[in-house]
Each structure stands twice: as structure tokens, then as C-alpha cells.
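S.K.: The following block contains the structure, expressed as C-alpha cells.
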Amino acid sequence: MDPARKLKLRGFGFMFLSSSLMGGIGAFARYIEAPGEFISFCRNAAGFIGMTLIFMIGRRFVHVRNTRITPGIVFSGVFLGLLSALYVISTQMTTLANASFLIYTGPVYSTVLASIFLKEPFKKSMFGSLGAVILGMLIIIGIITYSSGDGLGMTLSLDPQYMTGNLIALGSGVAYGLYLFVSRYRTDVDSNTRSWFNFTFATITIGIILIFSRPDLSEMTTRGWIVLAVAATITGFGAFYFMTLATKILFAGELATIAYQETIMASVLGWILFSEAMTLWQGLGGLLIIAGGVSQILISTRKSPDVVEAFTQGGAAGGRRGRRKKGVPVAAHAAKENVGAEL
């Protein structure tokens, strides 16, 4: 297999690891006696501490000092902090199904924005893959239901009492979409350096929220602190780091088709650890998510080597096969036209 295809597969692997690790936060949170926003703060703080230690041990802080800080660098961290904090706050103010559905609108926003502003390709095949995983997500989180007696149904609650929570959940979805979109800018920055900046600005963002919310930690137990440390390392440092690696390689639409794997992991952990019911209908939703993700992987890696290499550069160059200049490699042409690296 040529290097460009291998890089694409690596990107899908990173995103799969990220979404799988993030799917565990719900299970961990049940053993932590702390508000959700504090858990989110610890997840990003663990990433900041982890990346700082890596840079200190490897004496690589020179990469951080030499990086030109632009709005793209700052806002990818800010949106990372907002998406994780707003989501857990919304779960306390609306139904879990509503909160899950609204945050998972994020990858759709990022795909649309990247298609418009970065000229990333959004073909019928990607539309089909993304449609399959979105439908599967709606089934597995319980928005679309089915029973032999009532047939198909919808459980999205529009009760006025949930209005504030729904708006906050929608804000988390917008932040998720903007995080994926903005991360497609400045793909010239080293992944480890980008991760350090992401964790830094995310931690600062949630820290500001904590100043006003003043979380009550009086009920935290020794077990809770231990579980929090483990959860922060796995679902924070690990999950967000792998996501940063993936956003450097994959298009927004490709990221979106893999992001929904998180719902499968959350459902499987609920079934294994807490004996939560897993119906055949939810199983069908999981199969749709897997099928959509696998189909997008096959589509993305079956393109001709030159096209895959150009796409891997990210930014506006993706898909501009017809504009290749004679004697100029596609990858070089892509990098030259990559306006996304300028934000």
C-alpha cells in the first residue's frame, strides 16, 4: 500500500480510538461524585499536564515557542473546552436523548462549513456514509424508536421546561462542529504542539466557567478521585490527543463518519457494566454506524494515490484534480493552495 493511503488509514484509526475512548466517559462519570463541568475541566487539564511532561522530558518546548499563534490555534482549544463543558451541563437540564442528539449535530456542521469555506469534497458517496451513521446514531441513542405495537416513533422532547437545556446542548453541538472545522486550519503545525495548545486553551476556557459555577466537591470520595484521575487520562488526554492527530489527516466529512462510533462504545459499556438493555433495534443502529464508517474508509482509501495524497494535505486543495499544473506534484500543488493553513 502506498504511503498516502497508509496515512489515511492511520487517520481513521486515530479517530476510531478517539471516539471509542470518549464513549467511556458516561460509564466513568457514574462513579465520580462531582459536577460534569469539573470532570470536563479535569479531562482537559490531564491532557495539558500530559503534553507538558512529554515536552519537558523530550526538551521539545522549542516547538511551542516557535509556533505562530493565530485565531485557528486559539479557537480550536476554546471550542474543545466548550463542547465538553456545555454537553455535561446540558445533561443536567434536559433529557439525555436530547443532549446526545444535539451535540451529535456537530459533525454535520463541520462537514458543511468545510465544504463551503475549505472546498473539501462532499460527494454522494460521503453523503450516503454520513447519512447511514446519523440514522444509526438516532436509533442507538433512542431518538427513533420502534415497537411491534406502535411502529416507528420519535422521542425528542420539545417540552418548554427543557428549553434552556436544549439550547445549551445545541451550543455544545455548535462548539463540536466548530472545533472539527477550525482544526482543519493550520495543519502545518506539529500534532503534539497543536495538542498542547488545544489542551491549554480548553483548560482555560472551562476554568473560567468554573469560576462562575463554583462546583461543590464536598461529596467526593477517595474512590471518586481515583476514578476521576483514570477517566481524565483515558477520556481526556487519550481521546482528545488522538482526535487532534486525526483532524490533521482527515477531511471534516471523514471525521464525521467515524465520530459516531462513540455511541456504540457508550451503549456496549452500559450493557456490560450496568446491565442496561440492548435491543435488536439498537443493534441495527450500531450496524448502520459501523457500515457507514467502514464504507467511508474504503471510499477514501480507494482513490488514486495522487488524489489521496492531495486530500491528505487538507484545506482548499482537496479535490482540485483538474487544476494540477504540468510538472508540479499534486501534493505540492495542494500545499501551495492550502488557504486553510493561514487562519
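S.K.: Residue under question is residue 67, and the condition is that it be assigned to a loop (DSSP other than H, G, I, E, B), farther than 30 Å from residue 163 by Cβ and among the hydroxyl-bearing types (Ser, Thr, Tyr); does it hold?
M.R.: yes
So that you can scan it fast, the table gives a plain yes or no per residue for (1) under 17 Å from residue 13 (Cβ atoms); (2) at pLDDT 80 or above; (3) assigned by TED's automatic domain parsing to the domain that holds residue 146; (4) out of contact with any His (no Cβ under 7 Å at 6 or more places or on another chain):
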{"site": "250", "(1), (2), (3), (4)": "yes, yes, yes, yes"}
{"site": "257", "(1), (2), (3), (4)": "yes, yes, yes, yes"}
{"site": "267", "(1), (2), (3), (4)": "no, yes, yes, yes"}
{"site": "273", "(1), (2), (3), (4)": "no, yes, yes, yes"}
{"site": "282", "(1), (2), (3), (4)": "no, yes, yes, yes"}
{"site": "288", "(1), (2), (3), (4)": "no, yes, yes, yes"}
{"site": "292", "(1), (2), (3), (4)": "yes, yes, yes, yes"}
{"site": "298", "(1), (2), (3), (4)": "yes, yes, yes, yes"}
{"site": "318", "(1), (2), (3), (4)": "no, no, no, yes"}
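S.K.: OK, next. Take residue 131 and decide whether it is in the same structural domain as residue 183 (by TED's automatic domain parsing) and in contact (Cβ under 8 Å) with a residue 12 or more places away in the chain.
M.R.: yes
S.K.: When you scan segment 193-202, do you find a residue that is touching a Phe, Trp or Tyr at 6+ places or on another chain (Cβ under 7 Å), under 24 Å from residue 104 (Cα atoms) and among the aliphatic types (A, V, I, L, M), even just one?
M.R.: no
S.K.: Quick check on my filter: what residues within segment 33-55 are closer than 22 Å to residue 169 by Cα and touching a Phe, Trp or Tyr at 6+ places or on another chain (Cβ under 6 Å)?
M.R.: 44
S.K.: Filter segment 140-167 down to residues that are crowded, with 20+ Cβ neighbours inside 10 Å and not in a loop (DSSP other than H, G, I, E, B), then give me how many there are.
M.R.: 3
S.K.: Exactly one condition in (1) more than 16 Å from residue 174 (Cα to Cα); (2) in a helix (DSSP H, G or I); (3) not small (Gly, Ala, Ser) is not met by residue 107; state its number.
M.R.: Of the numbered conditions (1) more than 16 Å from residue 174 (Cα to Cα); (2) in a helix (DSSP H, G or I); (3) not small (Gly, Ala, Ser), the odd one out for residue 107 is (1).
S.K.: Okay, moving on. Provide a single number: the residues in segment 215-272 that are in contact with a Pro (Cβ under 9 Å, 6 or more places away or on another chain) and among the polar types (S, T, N, Q).
M.R.: Total satisfying the criteria: 1.
S.K.: Return yes or no: is residue 233 assigned by TED's automatic domain parsing to the domain that holds residue 126 and buried (at least 22 other Cβ atoms within 10 Å of the Cβ)?
M.R.: no
S.K.: Can you pull out the residues in segment 53-102 that are β-branched (Val, Ile, Thr) and modelled with pLDDT of 90 or more?
M.R.: Of everything in segment 53-102, those that are β-branched (Val, Ile, Thr) and modelled with pLDDT of 90 or more turn out to be 54, 57, 62, 64, 67, 69, 70, 73, 74, 78.
S.K.: Would you check which residues across segment 198-222 are of a type in the set (A, V, I, L, M) and in a helix (DSSP H, G or I) and list them?
M.R.: 202, 204, 206, 208, 209, 210, 211
S.K.: For segment 186-195, does any single residue satisfy the condition of being surrounded by fewer than 21 Cβ atoms within 10 Å (Cβ to Cβ), over 24 Å from residue 26 (Cα atoms) and free of Cβ contacts under 8 Å to residues at least 12 places away in the same chain?
M.R.: Scanning segment 186-195 turns up no residue that is surrounded by fewer than 21 Cβ atoms within 10 Å (Cβ to Cβ), over 24 Å from residue 26 (Cα atoms) and free of Cβ contacts under 8 Å to residues at least 12 places away in the same chain.
S.K.: Any idea which residue in segment 61-108 is farthest from residue 202 (Cα to Cα), counting only those that are in contact (Cβ under 8 Å) with a residue 40 or more places away in the chain and of a type in the set (Phe, Trp, Tyr)?
M.R.: The selected residue is 101.
S.K.: If the requirement is being part of a helix (DSSP H, G or I), in contact with a His (Cβ under 9 Å, 6 or more places away or on another chain) and in contact (Cβ under 8 Å) with a residue 40 or more places away in the chain, which of these qualifies: 12, 55, 41?
M.R.: 55
S.K.: Out of 116, 69, 103, which single residue is surrounded by 18 or more Cβ atoms within 10 Å (Cβ to Cβ) and of a type in the set (Val, Ile, Thr)?
M.R.: When all the criteria are applied, what remains is 103.
The values are calculated or read from the model by the stated rules, or taken from the named source; none is laboratory data. Keep in mind it's a predicted model, so treat the numbers as computed, not measured. For neighbour counting, all protein chains shown are included, and Cβ atoms are generated from backbone atoms with ideal geometry for every residue, glycine included.
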